[in-house]
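The values are calculated or read from the model by the stated rules, or taken from the named source; none is laboratory data. Keep in mind it's a predicted model, so treat the numbers as computed, not measured. Here Cβ is always computed from backbone atoms with ideal geometry, including for glycine, and neighbour counts include all displayed protein chains. Surface accessibility is based on the protein's heavy atoms, side chains included, excluding ligands, DNA and RNA. Shrake-Rupley method; radii C 1.70, N 1.55, O 1.52, S 1.80 Å.
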Amino acid sequence: MDRAPPEGSDTWWSWPEGAVPVLDWGCAMFACVDCRSDDKTVLLFEPNAITGQDVSRAWFVDAGSSAEWLETWLNGQGWYEEDAVDRDFDMAPWADASSR
């Protein structure tokens, strides 16, 4: 999936280098793997968090590693589960989003 704008295009939007979408949650939300991180951190792209033209605010750390993310998913313990409303899922912003 090519999400980076073509070189020389006139846009404020760009997809961070190394963030590879692996799952479409719907509503323009994506689970992505940070291929530049050693543990392959899993990120959540949530466009409703964008303020003005600051796209970096839409990126959150969903899991510290792809192994952790898959285990959570397979055990039915993620924020996306129906009964997750009663659980506290406070995802940290992804610090590298603005630098890529």
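Of everything in region 37-53 that is at pLDDT 85 or above, part of a loop (DSSP other than H, G, I, E, B) and open to solvent by 70 Å² or more (accessible area, probe 1.4 Å), the residue that is nearest to Val22 (Cα to Cα) is Lys40. Can you tell me which residue in region 80-97 is farthest from Asp62 (Cα to Cα), limited to those that are open to solvent by less than 100 Å² (accessible area, probe 1.4 Å) and modelled with pLDDT under 75? Only one residue tops the list, namely Asp83. Of the residues making up region 63-79, at least one is part of a strand (DSSP E or B), open to solvent by less than 40 Å² (accessible area, probe 1.4 Å), modelled with pLDDT of 85 or more and not hydroxyl-bearing (Ser, Thr, Tyr). Checked against (1) of a type in the set (S, T, N, Q); (2) within 12 Å of the chain's Cα centre (by Cα); (3) exposed (fewer than 13 other Cβ atoms within 10 Å of the Cβ), Ser56 passes all but condition (3). For region 21-37, enumerate the residues that are acidic (Asp, Glu) and more than 14 Å from Ala63 (Cβ to Cβ). Asp24, the sole residue that qualifies. If you take the residues of region 6-36 that are at pLDDT 90 or above and part of a loop (DSSP other than H, G, I, E, B), which of them is most open to solvent (accessible area, probe 1.4 Å)? Checking each candidate, the answer is Arg36.
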